[in-house]
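Visitor: Questions regarding the structure given below will be posed in turn.
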Amino acid sequence: MSEKQARITDIGPPHHDKFLPPVIKENYGKWKYHENPRPGVLVHVSHSGAKIWSVRCATPRILSVISIRKICELADKYADGYLRFTSRNNFELLITKEANVDPAIKEAIAIGYPVGGTGNSLSNIVHTQGWVHCHSAATDASGVVKAVMDELFVHFQEQKLPAKLRIALACCLNMCGAVHCSDISILGVHRRPPKADDANLGKICEVPNLIASCPTAAIRPTTKNGVATVEIEEEKCMFCANCYTVCPALPINDALNDGVSIWVGGKVSNARSTPSFSKLAIPWLPNTPPRWPEVVSAVKNIVDVWAKDARPYERVGEWVSRIGWPRFFKKTGIEFTKHHIDDFKHCGGTFATSTQMRHNG
Amino acid sequence: MTDNVKKHETPLLDELLKGPWPSFVKEFKTLQDKKAVANDLLGQLEYSYKTKLGYWKHGGIVGVMGYGGGVIGRYSSLAEMFPAVKHFHTIRVNQPAGWFYTSKALRTLCDIWEKRGSGITNMHGSTGDIVFLGTNTEELEPIFEELTKEGFDLGGSGSNLRTPSCCNGQARCEWACYDTMGLCYDLTQTFQDELHRPQFPYKFKIKMAGCPNDCVASIARSDLSIIGTWRDNIQMDQSAVLKYASDGLDIQKIVVMNCPTKCLDWNGKELKIDNSNCVKCMHCINVMPKALAPGKDRGATVLLGSKAPIIEGAMLSSVLIPFIKLEPPFKELKDVIGRIWEPWAEHGKNRERIGEFIERVGKGNFLEEVGIDPVPEMVKHPRENPYIFYDEYLEDE
Ligand code: HEM
Ligand code: HEM
Ligand code: HEM
Ligand code: HEM
Ligand code: SF4
Ligand code: SF4
Ligand code: SF4
Ligand code: SF4
């Protein structure tokens, strides 16, 4: 590093003004309404009459610099070099000439970035790191997402669903992707408590730290063959992998027991019903790379049943509230088990405490 | 720069090159002829697909001088088989507000990252940062120097503030009730120290949405959620309502019956809104954007405490300030942020998020500490249990 120059720190991100197309700068805060001329395209109209077309294109979130440069070329060609990314890992070309919209769509699709995700459609799946680079992943993230989106692709391209459909995936219950408020959440789960590598644990880990890391106090110090190690009270473990995060000699990943759970009915928008958490639909499905057929068909089944049965603008959770959970399980054919009944803190609030039931039908 | 590249067979991953959805495997393969790290990453991932296990190790304190976050240490536990990913550190880079870019700025980022790292990115991470996936410890300082020279800085990790993020707000949405991007930039600049140096019990995230649709999921994914809303009447263009009706929209069924507080009335000729009962949910506006719009007295609701499950279970943010005006320099809001950080930073336990802290000490006590009066908007309903804790009681003299 050069000693001559002062080291630059604490400058924060560049100001967004540098990156806004002129039509946005001129009409900032002056937009009047928008239309959705076709799936994947929004046109915003200003009080001044100015317009901007946004063409929404899917990405796999993992992008190489080679692909980003291709996307830049697309932006240069049709959008004067202006684009943005969305909260769900799509990119949007910000186009001022209407004549550029159709060719931009055509070319985006041709280079592998499909257009859609607006209105009552399925947008991109928000997801986490998985086997690509996290230590506690109970499943892969990108592979499951790819397999599910391949199957549900038509719902990204069209806007024929009853309401918006938001799917998210996290590869362990730490949920970097905060999947807990999605219409359908795909969540990796561990099911076998960590097993201590007794011979090495004392050497590579700090035992007091390790004990403190467990949220349920399931880890106790012990001695085996004369060396300090720990033991796990298995019935207390809820498989969070915190201990493995702190201590690599306590592996939790396990090919036989790790798998995928499915949760439904959460949402974040305040439209109609208030924001809510997703609830457990399927506690465990096996990890079956490369295409996870069990997970794909479970998700597709829920989407199909909802799409057929829901009223207009009824998100998955709103639909279930109307028909009731017993009927959700009946219509989807999903088995209800003891694992569906909460047994963590404050679980009592989730028990049914009334006689209101739809016995007939 | 082109590495001496060894390619691995990837029959399982190749299955994921098929199908209409963009393939992440293809992204890795675009770098196959240039980067050993891309090949070893593919190799290790193929091995994960074969064995159904991940092979990354956590930890190791790595970073740039003077910062306590922004770089995440990551090591392969299969370094003998895949030496190029022995170190595979992640770098979080501040995104511009609203994720707006020019192709020029993106190319600059690409050039730095192709030279100094794997060339693989996440656009973007779930907190909002640009995420650079995979480099060596030795490259960290040079990357930092090159990024800052181009006007970019690192994001947060560990017990730091995370890069605040926001929806595209007034830049491209008629519903934005305040300037989300302006506020996001301002807060990010104001709290540079908190963003770069750990000073909290645990992470703290701020997300800003311009209206109750909450396109950045702030209510679920940020400790501090700032969601635009309004307090006067919905703006309505009655003739545009009629146009929706004549174009075939079933206003009774789609709009009126979905209003959560039953405050809409439609007689086939006129839409009436009982604005005093409207809870500003956005549904009617979402369905008829050309006819309806949020009111003119705009601001935001400030909510606090959402988080993913670790440790005490997932939480949604709950109301702290029912309505606040948000105009630069956002003095009142910044003042509140300082006041909520203080008791948490001082009394929070290690790795206790602010939502958990509030549950532990009691929201009432927390409000008292922060100097905000309790109001009914803060609860779904008053308490049901009779175990009321009193700080003081009366006694005979
Ligand atoms: C050490 C392995 C981990 C890796 C590689 C990892 C990686 C990441 C990355 C890259 C992001 C996005 C960051 C950004 O956009 O700035 C993220 C966000 C997040 N991480 Fe992790 N993470 C790890 C562990 C954890 C753990 C153990 C927890 C929980 C205690 C956790 C909870 C979260 C949450 C809640 C988010 C943000 C979600 C949101 O903003 O919606 N992560 N993580
Ligand atoms: C009680 C001990 C520890 C616990 C419970 C713990 C837990 C965690 C958790 C939950 C995260 C995700 C946090 C986030 O997303 O911000 C994390 C991240 C991380 N931890 Fe630890 N950890 C511990 C000790 C360590 C140690 C000893 C090291 C290094 C030697 C370390 C290095 C890291 C690094 C580099 C990250 C990167 C992710 C980030 O900063 O965001 N941790 N740890
Ligand atoms: C002017 C109209 C709107 C604009 C400009 C807008 C913008 C956006 C953008 C750019 C995204 C990221 C989308 C993606 O990548 O797929 C998004 C996501 C989202 N939008 Fe909107 N949106 C609008 C209307 C709505 C409406 C009408 C609703 C609800 C009824 C809504 C709720 C959401 C939600 C829940 C998300 C996903 C957040 C998440 O889970 O990460 N938005 N919005
Ligand atoms: C050892 C202490 C207590 C004794 C001996 C006691 C005894 C009784 C008795 C005999 C009744 C009338 C039952 C009936 O109508 O047949 C009653 C009713 C009731 N008790 Fe207690 N009680 C005790 C403590 C409490 C406490 C601590 C609470 C509140 C926290 C409480 C709340 C009530 C209520 C609300 C009713 C009325 C229930 C109803 O009519 O629905 N009791 N109690
Ligand atoms: S969700 Fe879990 S496994 Fe996945 S990246 Fe986050 S911490 Fe790692
Ligand atoms: S996985 Fe979680 S609950 Fe289980 S022992 Fe480890 S820290 Fe404790
Ligand atoms: S949150 Fe509201 S203001 Fe922001 S982009 Fe979404 S709809 Fe528009
Ligand atoms: S915004 Fe929501 S609550 Fe208000 S009138 Fe419209 S539908 Fe009803």
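Visitor: Which numbered condition in (1) open to solvent by less than 10 Å² (accessible area, probe 1.4 Å); (2) of a type in the set (A, V, I, L, M); (3) facing chain A (nearest Cβ under 9 Å); (4) in contact (Cβ under 8 Å) with a residue 60 or more places away in the chain is the only one that B:MET123 fails?
Guide: Answer for B:MET123: the failing condition is (4).
Visitor: Out of the residues in segment A:207-216 meeting the condition of being surrounded by 16 or more Cβ atoms within 10 Å (Cβ to Cβ) and under 13 Å from A:ALA241 (Cβ atoms), tell me which one is nearest to the other protein chains (Cβ to nearest Cβ).
Guide: Restricting to residues being surrounded by 16 or more Cβ atoms within 10 Å (Cβ to Cβ) and under 13 Å from A:ALA241 (Cβ atoms), the top hit is A:PRO215.
Visitor: Filter segment B:358-378 down to the residues that are under 17 Å from A:HIS346 (Cβ atoms), open to solvent by less than 80 Å² (accessible area, probe 1.4 Å) and in contact (Cβ under 8 Å) with a residue 40 or more places away in the chain and list them by number.
Guide: B:ILE358, B:LYS363
Visitor: Quick check on segment B:147-164: of everything there that is within 12 Å of ligand 1 (Cβ to nearest atom) and among the polar types (S, T, N, Q), which residue is nearest to the other protein chains (Cβ to nearest Cβ)?
Guide: Taking segment B:147-164 as the starting set, the residues that turn out to be within 12 Å of ligand 1 (Cβ to nearest atom) are B:154-164.
Among the residues that remain, those that are also among the polar types (S, T, N, Q) are: B:157, B:159-160, B:163.
Working: B:SER157: 12, B:SER159: 14, B:ASN160: 12, B:THR163: 7 Å.
Restricting to residues being within 12 Å of ligand 1 (Cβ to nearest atom) and among the polar types (S, T, N, Q), the top hit is B:THR163.
Visitor: Here is a further query. So A:ALA147 clears everything in (1) surrounded by fewer than 23 Cβ atoms within 10 Å (Cβ to Cβ); (2) facing chain B (nearest Cβ under 9 Å); (3) assigned to a helix (DSSP H, G or I) except one condition, right? Which one?
Guide: Going through the list (1) surrounded by fewer than 23 Cβ atoms within 10 Å (Cβ to Cβ); (2) facing chain B (nearest Cβ under 9 Å); (3) assigned to a helix (DSSP H, G or I), A:ALA147 breaks only (1).
Visitor: Here's something else I'd like to know. Can you confirm whether B:GLU80 is at pLDDT 95 or above, surrounded by fewer than 23 Cβ atoms within 10 Å (Cβ to Cβ) and in contact with a Pro (Cβ under 6 Å, 6 or more places away or on another chain)? So that I can check it myself, show each step before the final result.
Guide: Numbers: at pLDDT 95 or above: yes; surrounded by fewer than 23 Cβ atoms within 10 Å (Cβ to Cβ): yes; in contact with a Pro (Cβ under 6 Å, 6 or more places away or on another chain): no.
Against the criterion (at pLDDT 95 or above, surrounded by fewer than 23 Cβ atoms within 10 Å (Cβ to Cβ) and in contact with a Pro (Cβ under 6 Å, 6 or more places away or on another chain)), B:GLU80 does not qualify.
Visitor: Take A:LYS160 and decide whether it is assigned to a loop (DSSP other than H, G, I, E, B) and at negative phi. Please lay out each step first, then the result.
Guide: On the way: assigned to a loop (DSSP other than H, G, I, E, B): yes; at negative phi: yes.
Here the answer is yes, as A:LYS160 does meet what is asked.
Visitor: Condition first: open to solvent by 10 Å² or more (accessible area, probe 1.4 Å), among the aliphatic types (A, V, I, L, M) and either more than 7 Å from chain B (Cβ to nearest Cβ) or free of Cβ contacts under 8 Å to residues at least 24 places away in the same chain (or both). Can you find one or more residues in segment A:57-79 that meet it?
Guide: Looking for residues that are open to solvent by 10 Å² or more (accessible area, probe 1.4 Å), among the aliphatic types (A, V, I, L, M) and either more than 7 Å from chain B (Cβ to nearest Cβ) or free of Cβ contacts under 8 Å to residues at least 24 places away in the same chain (or both), one finds at least one in segment A:57-79, hence yes.
Visitor: Tally up the residues in segment A:217-258 that are touching a strand residue (DSSP E or B) at 6+ places or on another chain (Cβ under 7 Å), at the interface with chain B (Cβ under 9 Å from one of its Cβ atoms) and open to solvent by 60 Å² or more (accessible area, probe 1.4 Å), please.
Guide: Summing the residues that are touching a strand residue (DSSP E or B) at 6+ places or on another chain (Cβ under 7 Å), at the interface with chain B (Cβ under 9 Å from one of its Cβ atoms) and open to solvent by 60 Å² or more (accessible area, probe 1.4 Å) in segment A:217-258 gives 0.
Visitor: Take the conditions within 12 Å of B:ILE234 (Cβ to Cβ), touching a strand residue (DSSP E or B) at 6+ places or on another chain (Cβ under 9 Å) and within 16 Å of ligand 3 (Cβ to nearest atom) and apply them to B:ALA293. Does it pass? Even if it seems obvious, please write down each step before you answer.
Guide: Working: within 12 Å of B:ILE234 (Cβ to Cβ): yes; touching a strand residue (DSSP E or B) at 6+ places or on another chain (Cβ under 9 Å): yes; within 16 Å of ligand 3 (Cβ to nearest atom): yes.
Against the criterion (within 12 Å of B:ILE234 (Cβ to Cβ), touching a strand residue (DSSP E or B) at 6+ places or on another chain (Cβ under 9 Å) and within 16 Å of ligand 3 (Cβ to nearest atom)), B:ALA293 qualifies.
Visitor: I've got another one for you. Check B:LYS334, B:LYS325 and return the single one that is within 19 Å of the chain's Cα centre (by Cα) and either surrounded by fewer than 17 Cβ atoms within 10 Å (Cβ to Cβ) or at pLDDT 95 or above (or both).
Guide: Details: B:LYS325 fails: within 19 Å of the chain's Cα centre (by Cα).
That would be B:LYS334, the only listed residue that is within 19 Å of the chain's Cα centre (by Cα) and either surrounded by fewer than 17 Cβ atoms within 10 Å (Cβ to Cβ) or at pLDDT 95 or above (or both).
Visitor: Of (1) touching a residue at least 40 places away in the same chain (Cβ under 8 Å); (2) more than 8 Å from chain B (Cβ to nearest Cβ), A:LEU20 satisfies all except one. Which?
Guide: The one condition A:LEU20 does not meet is (2).
Visitor: So, of the residues in segment B:265-289 that are within 15 Å of ligand 7 (Cβ to nearest atom) and part of a loop (DSSP other than H, G, I, E, B), which turns out to be surrounded by the most Cβ atoms within 10 Å (Cβ to Cβ)? Before you say what the answer is, go through the steps one by one.
Guide: Step one: list which residues in segment B:265-289 are within 15 Å of ligand 7 (Cβ to nearest atom), which gives B:280-289.
In the following step, the residues that additionally are part of a loop (DSSP other than H, G, I, E, B) were identified as B:280-282, B:288-289.
Working: B:LYS280: 21, B:CYS281: 21, B:MET282: 21, B:MET288: 23, B:PRO289: 19.
Selected residue: B:MET288.
Visitor: From the list A:VAL268, A:VAL246, exactly one residue is within 30 Å of A:LYS146 (Cα to Cα) and within 16 Å of ligand 1 (Cβ to nearest atom). Which is it? Steps first, answer last, please.
Guide: Details: A:VAL246 fails: within 30 Å of A:LYS146 (Cα to Cα).
Selected residue: A:VAL268, the only one of A:VAL268, A:VAL246 that is within 30 Å of A:LYS146 (Cα to Cα) and within 16 Å of ligand 1 (Cβ to nearest atom).
Visitor: If you don't mind, another one. Might you check whether a residue that is modelled with pLDDT of 95 or more and closer than 25 Å to A:CYS247 by Cβ occurs anywhere in segment B:93-115?
Guide: Here is the first cut: in segment B:93-115, the residues modelled with pLDDT of 95 or more are B:93-115.
Subsequent filtering for residues that are closer than 25 Å to A:CYS247 by Cβ retains none.
Looking for residues that are modelled with pLDDT of 95 or more and closer than 25 Å to A:CYS247 by Cβ, one finds none in segment B:93-115, hence no.
Visitor: Looking only at residues in segment B:202-237 that are open to solvent by 10 Å² or more (accessible area, probe 1.4 Å) and within 14 Å of ligand 2 (Cβ to nearest atom), which one is nearest to A:SER278 (Cα to Cα)?
Guide: Top of the filtered list is B:ARG221.
Visitor: Quick check: anything in segment B:86-103 within 10 Å of another protein chain (Cβ to nearest Cβ) and open to solvent by 40 Å² or more (accessible area, probe 1.4 Å)? Don't jump to the end; show me each part of the working.
Guide: Initial filter on segment B:86-103 (within 10 Å of another protein chain (Cβ to nearest Cβ)): B:88-90, B:93-103.
This time we only want the ones that are open to solvent by 40 Å² or more (accessible area, probe 1.4 Å), so: none.
No, every residue in segment B:86-103 fails to be within 10 Å of another protein chain (Cβ to nearest Cβ) and open to solvent by 40 Å² or more (accessible area, probe 1.4 Å).
Visitor: Considering each of A:GLY202, A:GLY188 in turn, give the residue that is more than 12 Å from chain B (Cβ to nearest Cβ) and either outside any loop (DSSP other than H, G, I, E, B) or at pLDDT 95 or above (or both). If you could, list the steps in order and put the result at the bottom.
Guide: On the way: A:GLY188 fails: more than 12 Å from chain B (Cβ to nearest Cβ).
The match here is A:GLY202.
Visitor: Among the residues of segment B:187-233, what is the count of those that are part of a loop (DSSP other than H, G, I, E, B) and touching a Phe, Trp or Tyr at 6+ places or on another chain (Cβ under 8 Å)? Can you show your working first?
Guide: Initial filter on segment B:187-233 (part of a loop (DSSP other than H, G, I, E, B)): B:191, B:197-203, B:205, B:210-217, B:222-223, B:231-233.
With touching a Phe, Trp or Tyr at 6+ places or on another chain (Cβ under 8 Å) added as a condition, the list becomes B:197, B:200-201, B:210-211, B:213, B:223, B:231.
Result for segment B:187-233: 8.
Visitor: Is at least one residue of segment A:288-296 touching a Phe, Trp or Tyr at 6+ places or on another chain (Cβ under 8 Å), within 21 Å of A:VAL144 (Cα to Cα) and surrounded by 15 or more Cβ atoms within 10 Å (Cβ to Cβ)?
Guide: Yes: one or more hits.
Visitor: Report whether or not B:ILE311 is within 9 Å of chain A (Cβ to nearest Cβ) and within 16 Å of ligand 5 (Cβ to nearest atom).
Guide: It is true that B:ILE311 is within 9 Å of chain A (Cβ to nearest Cβ) and within 16 Å of ligand 5 (Cβ to nearest atom).
Visitor: Looking at the structure I just gave you, is A:LEU122 within 21 Å of B:CYS110 (Cβ to Cβ), modelled with pLDDT of 95 or more and either among the basic types (Lys, Arg) or open to solvent by less than 10 Å² (accessible area, probe 1.4 Å) (or both)? Don't jump to the end; show me each part of the working.
Guide: Values: within 21 Å of B:CYS110 (Cβ to Cβ): no; modelled with pLDDT of 95 or more: yes; either among the basic types (Lys, Arg) or open to solvent by less than 10 Å² (accessible area, probe 1.4 Å) (or both): yes.
Judged against the criteria, A:LEU122 is not a match.
Visitor: Of the residues B:GLY43, B:GLY68, only one is under 30 Å from B:SER159 (Cβ atoms) and either open to solvent by 30 Å² or more (accessible area, probe 1.4 Å) or free of Cβ contacts under 8 Å to residues at least 60 places away in the same chain (or both); which?
Guide: Working: B:GLY43 fails: under 30 Å from B:SER159 (Cβ atoms).
None of the other options fit; the residue is B:GLY68.
Visitor: Go through segment B:165-200 and give me each residue that's more than 9 Å from every other protein chain (Cβ to nearest Cβ), open to solvent by less than 10 Å² (accessible area, probe 1.4 Å) and either away from ligand 3 (no atom under 16 Å from the Cβ) or of a type in the set (Ser, Thr, Tyr) (or both).
Guide: B:TYR178, B:THR180, B:LEU183, B:LEU187
Visitor: Would you check if there is a residue in segment A:342-355 being open to solvent by 40 Å² or more (accessible area, probe 1.4 Å) and in contact with a Leu (Cβ under 7 Å, 6 or more places away or on another chain)?
Guide: No, because not a single residue in segment A:342-355 is open to solvent by 40 Å² or more (accessible area, probe 1.4 Å) and in contact with a Leu (Cβ under 7 Å, 6 or more places away or on another chain).
Visitor: Here's something else I'd like to know. Just for segment B:216-270: of the residues that are within 13 Å of chain A (Cβ to nearest Cβ), touching a residue at least 60 places away in the same chain (Cβ under 8 Å) and of a type in the set (S, T, N, Q), which one is farthest from A:VAL126 (Cα to Cα)?
Guide: By that ranking, first place goes to B:GLN235.
The values are calculated or read from the model by the stated rules, or taken from the named source; none is laboratory data. None of these values were measured; they are calculated from a predicted model. Quick reminder, even Gly has a Cβ in these numbers, built from the backbone with ideal geometry, and neighbours come from all protein chains shown. Surface areas here come from the heavy atoms of the whole protein model, side chains and all, with no ligands, DNA or RNA. Shrake-Rupley method; radii C 1.70, N 1.55, O 1.52, S 1.80 Å.
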